[in-house]
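Beneath this line is the structure, given in structure tokens, with notes to follow.
Since every read-out is calculated from the coordinates, none of them should be taken as a lab result. Every value quoted in this text rests on a predicted model; they were computed, and no experiment measured them. Neighbour counts run over all protein chains shown; Cβ positions are idealised from the backbone, glycine included.
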Amino acid sequence: MDLETAVEQRNNYLNFARIMDERMAYAQKVYTSIPTIPTTEYEFKLKNQIERDLEGLNREKIRSEARATLLNSRIQFIEAQSNNNNNKN
């Protein structure tokens, strides 16, 4: 993997994590508008669905951030290798 590809992929993962944050914020906003104790079946199902969605979005965000962290390490490695090669010449 070259430096340009690694940086691009890292930025994509960070952007994806940001989008997950926005989606989670919206879901949380809707979730808080539902009564604590649902009064209808619709509210009950909606509350449960939002809880599952928030769980899934959070899991995807964490994975994306982890991948971005790994790519940061890869970028640092590539830059160090490049600097080593430049210093030898």
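Taken over the stretch 44-89, the residue count meeting the criterion of being more than 17 Å from the chain's Cα centre (by Cα), of a type in the set (A, V, I, L, M) and under 18 Å from R23 (Cβ atoms) is 2. When the residues of the stretch 1-58 are narrowed to those that are out of contact with any Ser or Thr (no Cβ under 6 Å at 6 or more places or on another chain) and among the small types (G, A, S), which ends up farthest from E79 (Cα to Cα)? Once the filter is applied, the top-ranked residue is S33. The residue that is farthest from N15 (Cα to Cα), counting only those in the stretch 55-89 that are touching a residue at least 40 places away in the same chain (Cβ under 8 Å) and basic (K, R), is R74.
Of the residues making up the stretch 9-36, those that are surrounded by 12 or more Cβ atoms within 10 Å (Cβ to Cβ) and farther than 17 Å from L57 by Cα are Q9, R10, N11, I34. Among the residues making up the stretch 20-53, those that are among the polar types (S, T, N, Q) and assigned to a helix (DSSP H, G or I) are Q28, T32, S33, N48, Q49.
Residue count for the stretch 8-54 satisfying the condition of being under 30 Å from A68 (Cβ atoms), hydroxyl-bearing (S, T, Y) and without any contact (Cβ under 8 Å) to a residue 24 or more places away in the chain: 3.
Does the stretch 17-31 include one or more residues that are hydroxyl-bearing (S, T, Y) and within 14 Å of the chain's Cα centre (by Cα)?
Keep residues of the stretch 17-31 that are hydroxyl-bearing (S, T, Y), which gives 26, 31.
Then drop every residue that is not within 14 Å of the chain's Cα centre (by Cα), which leaves none.
No, every residue in the stretch 17-31 fails to be hydroxyl-bearing (S, T, Y) and within 14 Å of the chain's Cα centre (by Cα).
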